[in-house]
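Enquirer: Starting off with a structure, shown below.
The values are calculated or read from the model by the stated rules, or taken from the named source; none is laboratory data. All values reported here derive from a predicted model rather than from experimental measurement. Here Cβ is always computed from backbone atoms with ideal geometry, including for glycine, and neighbour counts include all displayed protein chains. Note: accessible area is taken over every heavy atom of the protein model, side chains too, but ligands, DNA and RNA are not part of it. Shrake-Rupley method; radii C 1.70, N 1.55, O 1.52, S 1.80 Å.
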Amino acid sequence: MFLASSTATGQAGTMMQELEQDPFLCPDLGELPDDLSEYLNEDCLKTIDPDVLFGDPWFNYADELNTFSDVGKPTDPPSPDGPQQRQEDKLTDKTNHRRKRQRVSRIQRRTDENTPSRPKRQRAAGRPKTKAVETESTVSQGSEPSSPKLASHSTTPQRVLHLQPSIRFITIPEAPRYHVVQTLSLSPPVIGLPISNTAATPTYVFVPATSPPCKRKLPPLSPVDGAVVPVQMSSSPPGSLSDTASKAMSSPVASPVTPSNESSYCNLSNCKEGSQLQSPPVLEIPETVREYIQEAKSHMNQTCQAMEEGLSLTSHYVDVKVSQREILCSGKNTNKSLDKEMVLIGNMDQRKSLMGCSQIFEGLNGNKCYILLLGNTGMGKTTLIRKLCLDWSRGCIPQFDFVFLLDGKALTLKEPNHSLQTLLLNSSSFAPSCMDPEAVYTQILAASKRVLIIFDGFDEVRDYETLLQTQEKDLMTSLQKDTNGQIYTIRQLYSAILQRVLLPGCTLLLSTRPRGTANQLLRRTDSLVEMYGFNPKDVETYLSRYFTDPALRESALDYLKKCSFLHLLCWNPGLCRLACLVLEQAKSLAELPRTLTGLCHQVLCQKLERDNGITHLKTEVQTEISVPSVEESQTHPSSSSHSRTKPRSQVRTRSRTQPARKATKQKKKEEVDGEDVSGVGRDANRREKRELLTQLSSLAWEGVKANSSILPAGRTISDKLRALGHRTGLFLSYHLRRRQVVSSEEREEKSRGEKKGEKMENRRRTESGGSVALDDLILFWANPFLQSYLAGVHLSLSRTVTDRIFQQNLPFQSGPKWRRRSHREELELAQRFTVGLLFNNRTELQRLHSYTDTASRDIVNSKQALLRTHLESLSHDDLSPAQVLEACHHVYEASFTCSDGNVDIASTTLVAHLAVNLPEVVTFHGVPLNPSDVFTVQNVLDRGRSEGRSFSLDLEDSVLQLSGLRALVALNNINTYRASIADVITLWEELEQSGEEELLQGSVSKFKIHPLRATQVCHIEHLAKLVNIHMQKKLSDSSSQSSSILSEGVPAVKELQKLDFELGPEMSSLALPKLWELLPGLQNLQHLDLENSKVGDKGAEKLADVLVSLCNLEILNLSQNCIGDQGVTKLLPTLRDLPKLHCLSLYSNVISDKGAESLAVILPHMRSLIELDVKYNKLTDVGAQSLGASLRNCKKMKTLRMWNQCIPYGVFEWLQQQDNRIEWH
């Protein structure tokens, strides 16, 4: 129930109060007549004594309620006493009652224009200032403005009379007219009564709206007679799509009116210019809140720019693109994997979907509030989020007033220490200190649609899935009350935000990696955005910003371009950063690393050497300071005693030869002793570093096994190990603040006792040892690649890893346990690094452990033999496309990790073994191939050429770049290939422009598209373009070189024999017109599947005109297409003339007896037809008997399926007895 009023002078309008319909609160006034018009006049109202009526204690309960305002307030928790206790206090305590009555005069004084306003006190949390709603010009026309004199007459408070059962009398000012606005169903209704001697103001009364009509679907038809049907025949067969077809055939049901479609004021939002959010206009932001927003932007602008050591967003950020992705509608799939449920597109289609990071929030509406940001390891999700925060701080994202960044690492804290207010204002990243948390928090609740909450630091989808699971009912109820008096764990608050229990109107941006089951997450996602990575120009831009010296920049680019694989690795921004670290020392290196293992090994060695230099420098400084003091203490006494025994004249005249010799000998002796000491110190330091490195690798392996980058809190980490991790940049710390926000009352108290607070703070710091509590300090790995590399060091070189454990953690494990387990990228990278390390140079391996040469050699040889046996025993035909790709990476790492250029014989054997045992058709269907993936696959396939092998490649939906497609197609031992049609056409055009006629001819002749499965509208559009090239016999109108190559058309189009149109009933209407245009060009098509495409009668007429040119068509599937008698009548003449058609399916359409009779007439003339399916249509016994009679004249027909629930079972059984070719399944 809502009431709002306003005046032209901006005075406070009528207040409205709402009472719960409780028989104990509202007395029963008896039955009231339906028509109250005769009672709602002045004569009737004069008979009611207001003092008597409103003086009753039952009605005075309304004075305790809060005044209505159009700003949403946080609901305070009900006290244990409840409303009844407050009533008893009101009845017994007269003093409190008088105080409540005195509050009214204060409101009157605020509304009086002649009375100067007194300074207002600071309001408590949850009570924002109310402001009169401005009257529109169209509403105020014809009404005179109220004078101050009339306004001053209102000396009594507005009152609400609550009558049982569902009528409320509300006193409103008298107005020349008022407006009635319909909203959603509200009960009970509001009746406005004009009161004399009040200001004339327009009043808005909101009354219930009529419910939208709801059309009910008719139940399925039953058989004509009461024949008993077998259970197997009473419903659709398992796996059929008849239910989908019935939904498509049924009349549309009007969708109910939702609040988002209403135009009431409670569904509008105040958005800044340029925003497309249709949210309610919020009240003007209080000044204190505005100051906090500006302070938050300033603080975020300063703190979020740092990327890592020496890099900042302002100077080093490269504006990468993101790709808008779609999600497959997989029906009843209960195990939706995020990487498998995304719609796979080609490179050209992906380029069309690219957008800048500033466009992520464009086009948002009230229903689009769940944004999922995807990206593999090192793709820059966290950097992009920092850039979004920086853009917001600079006013580039005006849709939001508040931005909060919540880190997933905080989930490791189990103690309940936070409320929603402290979580947002204290514990979120980049949050400044808040001086008025109550006002800020109230504004956040009131305008939640202008709040953006970003979740980052979640390593995998599983973390989100656990947070989206249903929580306990009591917990959810407690969270909905949102009381700051109660505290919760970080996990509970995160879960409530993600499940829309808290701040349901806010926008959520979630970052994760595209792996793992995501049932709950995919149901809620409104927008799916994926990181695109660096293109070659982005790599050059990054290097130019990283190396500021022009000479060093040119040198680094030259080195990078000479190392092909390292250059290709730079498509990943994280690996590009590691490559730059190596390029800094490129001149001192004999050779740049050629594998991912070599790159991470070189980066780790550089970090350790840099740390050794720092510690050695500190040691030298301390030695220089300590040695002179010792020498002085030793020489001064001797010189003093010598001066006492010898006269100064004798010392001057004495020969200096002998002292000089002694000084020289002493100096040499000290140098020798110093070298010995420093050498022993360096050896000890080196051994200590290697032992610490062994501990680091063990910690890394524990994190990889646990699928976590966070170091376990229960694990004891020595100070030396922690210091080494921080110095080398392997560790980072995340500090979750536990400082509570300060309320206004606490601030006043703090200002009065500031010295006492300082003493308490100093005492707290002293008790905690002057440092942050360890429970709030989360230690985690800074770089996932280096964590996986160290985990590989542990697997390959640690004595604690037995042969059994080593074999269990090798890749490509078989068995149901390993098939069900979803591995993260870190584990796959650790396995890849293990292979590279075991075949690495032994000299380089000695830098990673403290074992003797013999012990190290035994460990490496033993595990190398186990690995080689495991890889050679694989059944390559059973490997999935992703596993085939991983196998190519493993053998490449084994072959080229050696930094001395010598390739191990065992490693070359692995490459040859894989190339020989790969299947003839190598498929990477649905597996994204980045540039480094293509390089390793090309290496294995090219090795197969020397082994006499040739392959067929399936690169469809692999999202590989054109350069990678060109490299694979150019291999001589590739017989055929499949890829995205749009990518292939673009490649042909580039080859024609560059004049590479031989490669163009090979790519055209090798390309295949049979069989073609169209699942997206773009597939049909690309096929239409290819068919057009086939018909015109050239790539474009201006093409000349391709005319000779395409003189006989495109071989792939000529060889296409099967086309599956699988867009579904929702998307088919967008692609069917294009399909009717291209079908005449597919003259060799033999199988056309249009099931569940909602063709309808009109589409059947167009299909009839197209089928004339498909003389080779053998199978036509038109199931579940809403085709009726009119459509089948149009199709039959064309179907009769198809000479090779032997299978026709009209399953689950709307064909009745009339259509069946037409089909029965044509059926004997379809000489080649062998199988006909007309199950689950609207045939009755009449149509069934007509088809049964016609079947006797079809000698070549083998099967006729025509069962449905409208055919009496007795009739169907009789027809089966007459002809056994009639079947029901």
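Enquirer: Tell me, which residue of region 575-588 that is of a type outside the set (G, A, S) and open to solvent by 40 Å² or more (accessible area, probe 1.4 Å) is farthest from R727 (Cα to Cα)? Walk me through it before giving the result.
Expert: Of region 575-588, the ones of a type outside the set (G, A, S) are 575-578, 580-585, 587.
When the remaining residues are screened for being open to solvent by 40 Å² or more (accessible area, probe 1.4 Å), the result is 584-585, 587.
Values: E584: 19, Q585: 19, K587: 25 Å.
That would be K587.
Enquirer: Of the conditions (1) open to solvent by less than 60 Å² (accessible area, probe 1.4 Å); (2) of a type in the set (S, T, Y); (3) within 23 Å of the chain's Cα centre (by Cα); (4) modelled with pLDDT under 90, Y317 clears all except one; give me its number.
Expert: Y317 satisfies every listed condition except (4).
Enquirer: Taking the condition open to solvent by less than 10 Å² (accessible area, probe 1.4 Å), modelled with pLDDT of 95 or more and farther than 21 Å from P1164 by Cα, does L1116 pass?
Expert: Details: open to solvent by less than 10 Å² (accessible area, probe 1.4 Å): yes; modelled with pLDDT of 95 or more: yes; farther than 21 Å from P1164 by Cα: no.
Criteria not met by L1116.
Enquirer: For region 561-580, enumerate the residues that are in a helix (DSSP H, G or I) and closer than 25 Å to V322 by Cβ. Can you show your working first?
Expert: Going residue by residue through region 561-580, those that are in a helix (DSSP H, G or I) are 561-562, 564-569, 573-580.
Within region 561-580, H567, L568, L569, P573, G574, L575, C576, R577, L578, A579, C580 qualify.
Enquirer: Taking the stated definitions as given, is L837 part of a helix (DSSP H, G or I) and over 29 Å from P928 (Cβ atoms)? If you could, list the steps in order and put the result at the bottom.
Expert: On the way: part of a helix (DSSP H, G or I): yes; over 29 Å from P928 (Cβ atoms): no.
Against the criterion (part of a helix (DSSP H, G or I) and over 29 Å from P928 (Cβ atoms)), L837 does not qualify.
Enquirer: Okay, next question. State whether one or more residues within region 590-599 are at pLDDT 95 or above and hydrophobic (A, V, I, L, M, F, W, C).
Expert: Yes: region 590-599 contains one or more residues that are at pLDDT 95 or above and hydrophobic (A, V, I, L, M, F, W, C).
Enquirer: Please go through region 1065-1078 and pick out each residue that is hydrophobic (A, V, I, L, M, F, W, C) and either in contact with a Lys or Arg (Cβ under 7 Å, 6 or more places away or on another chain) or open to solvent by 10 Å² or more (accessible area, probe 1.4 Å) (or both). Steps first, please.
Expert: Let us first name the residues in region 1065-1078 that are hydrophobic (A, V, I, L, M, F, W, C), namely 1067, 1070-1072, 1075-1076, 1078.
Hits for region 1065-1078 are M1067, L1070, L1072, W1076.
Enquirer: Select from region 1030-1065 the residues that are closer than 26 Å to A1104 by Cα and without any contact (Cβ under 8 Å) to a residue 12 or more places away in the chain and list them in ascending order.
Expert: Q1032
Enquirer: Among all residue pairs at least 6 apart or on different chains, which show Cβ distances below 7 Å where the first residue, located in region 515-544, is farther than 26 Å from V343 by Cα and open to solvent by 60 Å² or more (accessible area, probe 1.4 Å) and the second is in a helix (DSSP H, G or I) and at pLDDT 90 or above?
Expert: Listed by first residue and then by second, the contacts come to E540/L557.
Enquirer: Please work out if K481 is surrounded by fewer than 21 Cβ atoms within 10 Å (Cβ to Cβ), under 26 Å from T383 (Cβ atoms) and more than 16 Å from the chain's Cα centre (by Cα). Can you show your working first?
Expert: On the way: surrounded by fewer than 21 Cβ atoms within 10 Å (Cβ to Cβ): yes; under 26 Å from T383 (Cβ atoms): no; more than 16 Å from the chain's Cα centre (by Cα): yes.
Criteria not met by K481.
Enquirer: A further question on this structure: R868 fails exactly one of the following numbered conditions: (1) over 14 Å from L838 (Cα atoms); (2) open to solvent by 40 Å² or more (accessible area, probe 1.4 Å). What is the number of that condition?
Expert: Condition not satisfied by R868: (1).
Enquirer: Is it the case that K817 is closer than 30 Å to E886 by Cα and at pLDDT below 75?
Expert: On the way: closer than 30 Å to E886 by Cα: yes; at pLDDT below 75: yes.
Considered against the rule, which asks whether it is closer than 30 Å to E886 by Cα and at pLDDT below 75, K817 comes out as yes.
Enquirer: Take K1198 and tell me if it is open to solvent by 10 Å² or more (accessible area, probe 1.4 Å), of a type outside the set (S, T, N, Q) and under 12 Å from Y1147 (Cα atoms).
Expert: Spelling it out, it is not the case that K1198 is open to solvent by 10 Å² or more (accessible area, probe 1.4 Å), of a type outside the set (S, T, N, Q) and under 12 Å from Y1147 (Cα atoms).
Enquirer: Kindly indicate which of L786, L790, L779 is farther than 19 Å from N861 by Cβ, at pLDDT 90 or above, of a type in the set (A, V, I, L, M) and not in a helix (DSSP H, G or I). Working first, answer last.
Expert: Values: L786 fails: not in a helix (DSSP H, G or I); L790 fails: not in a helix (DSSP H, G or I).
Going through L786, L790, L779 in turn, just one is farther than 19 Å from N861 by Cβ, at pLDDT 90 or above, of a type in the set (A, V, I, L, M) and not in a helix (DSSP H, G or I): L779.
Enquirer: Go through region 1079-1104 and give me each residue that's under 14 Å from D1060 (Cα atoms) and either open to solvent by less than 10 Å² (accessible area, probe 1.4 Å) or in contact with a strand residue (DSSP E or B) (Cβ under 6 Å, 6 or more places away or on another chain) (or both). Give the steps one after another, and end with the answer.
Expert: Initially, region 1079-1104 is screened for residues under 14 Å from D1060 (Cα atoms), giving 1079, 1082, 1085-1093.
The answer is L1079, L1082, L1085, H1087, L1088, D1089, L1090, E1091, S1093.
Enquirer: On to the next question. Being farther than 30 Å from N861 by Cβ, at pLDDT below 95 and open to solvent by less than 20 Å² (accessible area, probe 1.4 Å) is the requirement here; does S895 meet it? Step through it out loud before you land on a result.
Expert: Numbers: farther than 30 Å from N861 by Cβ: no; at pLDDT below 95: yes; open to solvent by less than 20 Å² (accessible area, probe 1.4 Å): yes.
No; evaluated as a whole, the condition is false for this residue.
Enquirer: Please verify whether region 856-879 includes one or more residues that are in contact (Cβ under 8 Å) with a residue 12 or more places away in the chain, out of contact with any strand residue (DSSP E or B) (no Cβ under 8 Å at 6 or more places or on another chain), of a type outside the set (D, E) and within 20 Å of L962 (Cα to Cα).
Expert: Checked region 856-879: no residue is in contact (Cβ under 8 Å) with a residue 12 or more places away in the chain, out of contact with any strand residue (DSSP E or B) (no Cβ under 8 Å at 6 or more places or on another chain), of a type outside the set (D, E) and within 20 Å of L962 (Cα to Cα).
Enquirer: Let me ask another. Given L730, L692, L699, which one is modelled with pLDDT of 80 or more, surrounded by 15 or more Cβ atoms within 10 Å (Cβ to Cβ) and either of a type in the set (S, T, N, Q) or over 23 Å from D407 (Cα atoms) (or both)?
Expert: On the way: L730 fails: either of a type in the set (S, T, N, Q) or over 23 Å from D407 (Cα atoms) (or both); L699 fails: either of a type in the set (S, T, N, Q) or over 23 Å from D407 (Cα atoms) (or both).
The conditions single out L692.
Enquirer: May I ask you to list the residues in region 903-956 that are polar (S, T, N, Q) and open to solvent by less than 30 Å² (accessible area, probe 1.4 Å)?
Expert: Within region 903-956, the first condition is being polar (S, T, N, Q), and the residues that meet it are 907-909, 917, 923, 930, 932, 936, 938-939, 946, 950, 952.
Scanning region 903-956 gives S907, S932, T936, S952.
Enquirer: Any chance you could count how many residues in region 1017-1027 are open to solvent by 30 Å² or more (accessible area, probe 1.4 Å) and in contact with an Asp or Glu (Cβ under 9 Å, 6 or more places away or on another chain)?
Expert: 0
Enquirer: While we're on this one: Give me the pairs, please: first residue somewhere in region 1194-1209 and farther than 21 Å from T1180 by Cβ, second residue anywhere and part of a loop (DSSP other than H, G, I, E, B) and not charged (D, E, K, R), beta-carbon distance under 7 Å, and either six or more positions apart or on two chains.
Expert: From residues that are farther than 21 Å from T1180 by Cβ, the pairs are K1196/I1170; M1197/L1169; M1197/I1170; K1198/I1170.
Enquirer: Is it the case that some residue within region 1053-1069 is out of contact with any helix residue (DSSP H, G or I) (no Cβ under 7 Å at 6 or more places or on another chain) and within 13 Å of N1028 (Cα to Cα)? Talk me through it step by step, then tell me what you get.
Expert: Taking region 1053-1069 and keeping what is out of contact with any helix residue (DSSP H, G or I) (no Cβ under 7 Å at 6 or more places or on another chain), we get 1054-1060, 1062, 1064, 1066, 1068-1069.
Remaining after also requiring within 13 Å of N1028 (Cα to Cα): 1054.
So far as region 1053-1069 goes, yes, one or more of its residues are out of contact with any helix residue (DSSP H, G or I) (no Cβ under 7 Å at 6 or more places or on another chain) and within 13 Å of N1028 (Cα to Cα).
Enquirer: So, one more: Tell me whether region 435-446 contains one or more residues that are more than 19 Å from C369 (Cβ to Cβ), among the aromatic types (F, W, Y) and not in a loop (DSSP other than H, G, I, E, B). Before you say what the answer is, go through the steps one by one.
Expert: First, pick out the residues of region 435-446 that are more than 19 Å from C369 (Cβ to Cβ): 435-442.
Next, only the ones that are among the aromatic types (F, W, Y) stay: 441.
Still in the list and also not in a loop (DSSP other than H, G, I, E, B): 441.
Among the residues of region 435-446, at least one is more than 19 Å from C369 (Cβ to Cβ), among the aromatic types (F, W, Y) and not in a loop (DSSP other than H, G, I, E, B), which makes the answer yes.
Enquirer: Select from region 1034-1064 the residues that are buried (at least 18 other Cβ atoms within 10 Å of the Cβ) and in a helix (DSSP H, G or I) and list them in ascending order.
Expert: Answer for region 1034-1064, where residues must be buried (at least 18 other Cβ atoms within 10 Å of the Cβ) and in a helix (DSSP H, G or I): S1042, I1045, A1052, V1053.
Enquirer: Residues that are touching a Pro at 6+ places or on another chain (Cβ under 8 Å), open to solvent by 10 Å² or more (accessible area, probe 1.4 Å) and at pLDDT 90 or above: does region 448-455 have at least one? Full working, then the answer.
Expert: So the first thing to find is which residues in region 448-455 are touching a Pro at 6+ places or on another chain (Cβ under 8 Å), and the list is 448-449.
Of the ones still in play, those that are also open to solvent by 10 Å² or more (accessible area, probe 1.4 Å) are 448-449.
With the extra rule that they be at pLDDT 90 or above, the set shrinks to 448-449.
The answer is yes; a qualifying residue exists.
Enquirer: Please go through (1) closer than 27 Å to D957 by Cα; (2) modelled with pLDDT under 95; (3) out of contact with any Cys (no Cβ under 8 Å at 6 or more places or on another chain) for L1056 and return the number of the only condition it doesn't satisfy.
Expert: Of the numbered conditions (1) closer than 27 Å to D957 by Cα; (2) modelled with pLDDT under 95; (3) out of contact with any Cys (no Cβ under 8 Å at 6 or more places or on another chain), the odd one out for L1056 is (2).
Enquirer: For region 1123-1157, how many residues meet the condition of being open to solvent by less than 60 Å² (accessible area, probe 1.4 Å) and farther than 16 Å from L1179 by Cβ?
Expert: So the first thing to find is which residues in region 1123-1157 are open to solvent by less than 60 Å² (accessible area, probe 1.4 Å), and the list is 1123-1125, 1127-1128, 1131-1135, 1138, 1141-1153, 1155-1156.
From what is left, the residues that are farther than 16 Å from L1179 by Cβ are 1131, 1133-1135, 1138, 1141-1143.
Residues meeting the conditions: 8.
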